[in-house]
Amino acid sequence: EAIASQLQSQNEAIASQLQSQSSQNEAIASQSQSRLESQIEAIASHLKSQRKAIASQPKQISKPVPDTRILSSSGFDYSQLNRLLKSGQWKAADEETAKMMLAVAGQTGRYLDDDDIKNFPCEDLRIIDGLWVKHSNGRFGFSVQKQIYINCGGKPDGSYPGDTIWKRYCDEVGWRVNGSYLSLITFSAAAPRGHLPFGWRKVRVMGGSASLAHRLVTCSI
């Protein structure tokens, strides 16, 4: 009986401790929940304040940055050529090149003659060549064509190099394929190196490329 009474007392004590621990756990859980809810409310309030602050700020309208004009000292504007080359519009850029060269040379017709090329302003020649070289990653341009022409045996003295060298040059730049001159030029970045520009070659003399090569040398291009 004594042992039973002692065990009963111990069980009651343990039950009382468990009940007390349960009450403590409930209190801790209640405090944690209350703290979490307060934190959530504080964050929500902060975000709401930020949204109001952003909404109250005046909206800034972004203005497109205008392209820088590219002018030669003689007043010719190459901005359009720059835009066309930058966007890879090779055919339109080729046509713009021919148009600008005719304007610079003071020609109202469709052709440049040999003297027009020999006297073409060096600054304008540098601008046109630089834009073609830049936007084609060195594949197209007058200076590229000049180097290929010289590599094929052409002499930059303005004289016609002869049929053999001329045909070799046209083969290299892709103006001649399988012995036949092309009627359609390839307006693509995948065209052979030196393929463009082409439109300026509407000259009255066969040695147009030779004359240009000579002018590029005298202009240090």
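Where a number appears in this text, it was derived from the coordinates with a stated rule and is not lab data. What you see is a predicted model, and the numbers here were worked out from it, not measured in a lab. Please note: Cβ atoms are built from the backbone with ideal geometry, for glycine as well, and neighbour counts cover all protein chains shown.
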Residue count, region 100-125, condition within 26 Å of Ile165 (Cα to Cα) and of a type in the set (D, E, K, R), comes to 5
Considering region 117-145, residues that are assigned to a helix (DSSP H, G or I) and free of Cβ contacts under 8 Å to residues at least 24 places away in the same chain, and then whichever is farthest from Arg193 (Cα to Cα), we arrive at Gly130
Of the residues in region 162-179 that are of a type outside the set (D, E, K, R) and closer than 17 Å to Ala213 by Cβ, the one that is nearest to the chain's Cα centre (by Cα) is Val173
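Condition check ((1) of a type in the set (Lys, Arg); (2) under 20 Å from Ser73 (Cβ atoms)) across all residues:
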| site | (1), (2) |
| --- | --- |
| Asp114 | no, no |
| Asn119 | no, yes |
| Glu123 | no, yes |
| Asp129 | no, yes |
| Ser136 | no, no |
| Lys155 | yes, no |
| Tyr160 | no, no |
| Thr164 | no, no |
| Trp175 | no, no |
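Select from region 159-198 the residues that are polar (S, T, N, Q) and either without any contact (Cβ under 8 Å) to a residue 24 or more places away in the chain or outside any loop (DSSP other than H, G, I, E, B) (or both) and list them in ascending order. Lay out the reasoning, then the answer.
Quick first cut of region 159-198, residues polar (S, T, N, Q) only: 159, 164, 178, 180, 183, 186, 188.
If the condition is that a residue be polar (S, T, N, Q) and either without any contact (Cβ under 8 Å) to a residue 24 or more places away in the chain or outside any loop (DSSP other than H, G, I, E, B) (or both), then Thr164, Asn178, Ser180, Ser183, Thr186 are the ones that fit.
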